[in-house]
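Heads up, the thing below is written out as structure tokens.
The values are calculated or read from the model by the stated rules, or taken from the named source; none is laboratory data. Computed from a prediction, not measured in an experiment: that's the story for all the values here. Methodologically, a virtual Cβ is constructed for each residue, glycine included, from the backbone with ideal geometry; neighbour enumeration extends over all protein chains shown. Ligands, DNA and RNA are excluded from the accessible area calculation, which covers all protein heavy atoms including side chains. Shrake-Rupley method; radii C 1.70, N 1.55, O 1.52, S 1.80 Å.
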Amino acid sequence: MNIPYLDLKAVTALHGDEIQQAVADVVGSGWYLQGKAVQRFEQHYADYIGTRHCVGVANGLDALILTLRAYKELGWIGEDDEIIVPANTFIATILAITENGLKPVFVDVNVDTLDLNLTQLEQSITSRTKAMMLVHLYGRCTYNEAIKSLCEKNGILLIEDNAQAHGCRYGERRTGSLGNAACHSFYPGKNLGALGDGGAVTTNDVELAQVIRSIANYGFEKKYVATYKGRNSRLDEVQAAVLDVKLKYLDEDNCRRQAIAHTYYHQIQNETIRLPRLMDNGNNVYHIFPVFTSYRDALQDSLQNKGIGTLIHYPIPPHQQACYKEWEHLSLPVTERLAKEELSLPLHPAMTDQEVAFVVEALNS
Ligand SMILES: *Cc1c(COP(=O)(O)O)cnc(C)c1O
């Protein structure tokens, strides 16, 4: 059997006819930017997440950059202020902070839950701390009441990086509606993926939404009248139309992901392989299914020899990247260990039961 890590062709084919039709409609409409398809998707996505506003942007990194930039324009955050962020994240979360001239303050995670280490989190708050980025990495909701009250008590903005957790729940609410603002990526491989780049910010704050929308459109307040030194970062009509189709099936697709994940949890039995703590149903949408082992590279080779594709998320933590030499002295032991031990198993909504069984068998042998 040949099981790629991700089969995007099969994932797209799950809703292929409707997607083709949606693309054809936009092509035929003659209107490709700032039109009805984006407006419709923004409304539907805001309703789905449970916020008053959604602003479509060009990609997830821009969603993060524009959110911090808008808070700077609104006076909430100033140059050199500190932003708390998990050390164990995709580099884009950090790039958005440094791009804005702000200082990331890295907090390590717990080895079993992958949540932020609360003791370290409390210790890292200073008078310059203006915001906390909460990353629902791998599709796991990482929000909790302790984080909420820490932010409230210290007057810190809570910004969610929801790039990997579309549809994930916290009680009755969805991630993306839990803090002051949330940033979403619609990169093709994400749970809600476009056929190219796309992103969005969701928030209940009308002022924030307006400033982001303006900065993303050359800083215009109205055509050719610039309030901000803006940029061009817009979601296009084709991607919005595709996303609008896929949004209807997101819960169904996430259910399939959860069913596959539960099979992995119940059936993977190998003492050398550790799984992260199982979460309540709904609190994990399994964007990525990580396993951890000190024999990571050997396991990856062995699975590859059996035709099973895997990936590593992520092999080099942001604070150890060549572009961030200024933090090479930092020690974030759990994050550094996870980078050496993590391996992501194939998991997507178009996977068959036979493919899942084949992966389990390979891991157990
Ligand atoms: C994918 C991702 C991003 C960046 O999104 P793009 O659309 O690829 O720019 C940011 N943060 C996290 C956690 C991601 O997984």
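List of remarks:
- Only listed residue being surrounded by 18 or more Cβ atoms within 10 Å (Cβ to Cβ) and more than 28 Å from Ile288 (Cα to Cα), chosen from Ile156, Ile147: Ile156
- Residues of the range 104-115 that are within 16 Å of the ligand (Cβ to nearest atom) and either more than 21 Å from Glu328 (Cβ to Cβ) or open to solvent by less than 10 Å² (accessible area, probe 1.4 Å) (or both): Pro104, Val107, Val109, Leu114, Asp115.
- Hits in the range 168-189 - residues which are more than 9 Å from the ligand (Cβ to nearest atom), in contact with a helix residue (DSSP H, G or I) (Cβ under 9 Å, 6 or more places away or on another chain), in a strand (DSSP E or B) and closer than 19 Å to Pro86 by Cβ: Ala181, Ala182
- Lys229 more than 14 Å from the ligand (Cβ to nearest atom), open to solvent by 10 Å² or more (accessible area, probe 1.4 Å), part of a loop (DSSP other than H, G, I, E, B) and not hydrophobic (A, V, I, L, M, F, W, C): yes
- The set of residues in the range 172-218 being of a type in the set (Asp, Glu) and more than 30 Å from Ala13 (Cα to Cα) consists of Glu172, Asp205, Glu207.
- The condition of being more than 16 Å from the ligand (Cβ to nearest atom) and hydrophobic (A, V, I, L, M, F, W, C) holds for only one of Val85, Val27, Val55, that being Val27.
- When each of Gln267, Gln239 is tested for being at negative phi and touching a helix residue (DSSP H, G or I) at 6+ places or on another chain (Cβ under 7 Å), the lone residue that passes is Gln267.
- Tally, over the range 46-103, of residues that are over 23 Å from Tyr187 (Cα atoms), in a strand (DSSP E or B) and open to solvent by 30 Å² or more (accessible area, probe 1.4 Å): 1
- Subset of the range 253-273 (residues that are touching a residue at least 60 places away in the same chain (Cβ under 8 Å) and out of contact with any Pro (no Cβ under 7 Å at 6 or more places or on another chain)): Asn254, Ile260, Ala261, Thr263, Tyr264, Gln267, Ile268, Gln269, Asn270, Ile273
- Among the residues of the range 277-312, those that are within 19 Å of Asn364 (Cα to Cα) and within 16 Å of the ligand (Cβ to nearest atom) comprise Phe289, Pro290, Leu311.
- Residue check, Ala165 modelled with pLDDT of 95 or more, within 13 Å of the ligand (Cβ to nearest atom), open to solvent by less than 40 Å² (accessible area, probe 1.4 Å) and within 23 Å of Pro346 (Cα to Cα): yes
- Residue ranges of helices (runs of 4 or more DSSP H) in the range 268-365 with at least 1 members modelled with pLDDT of 95 or more and within 21 Å of the chain's Cα centre (by Cα): 333-341
- Of all residues in the range 118-139, those being over 17 Å from Cys183 (Cβ atoms) and either of a type in the set (Asp, Glu) or open to solvent by less than 40 Å² (accessible area, probe 1.4 Å) (or both) number 5.
- Residue in the range 64-71 that is closer than 22 Å to Leu134 by Cβ, away from the ligand (no atom under 16 Å from the Cβ) and of a type outside the set (Gly, Ala, Ser) present: yes
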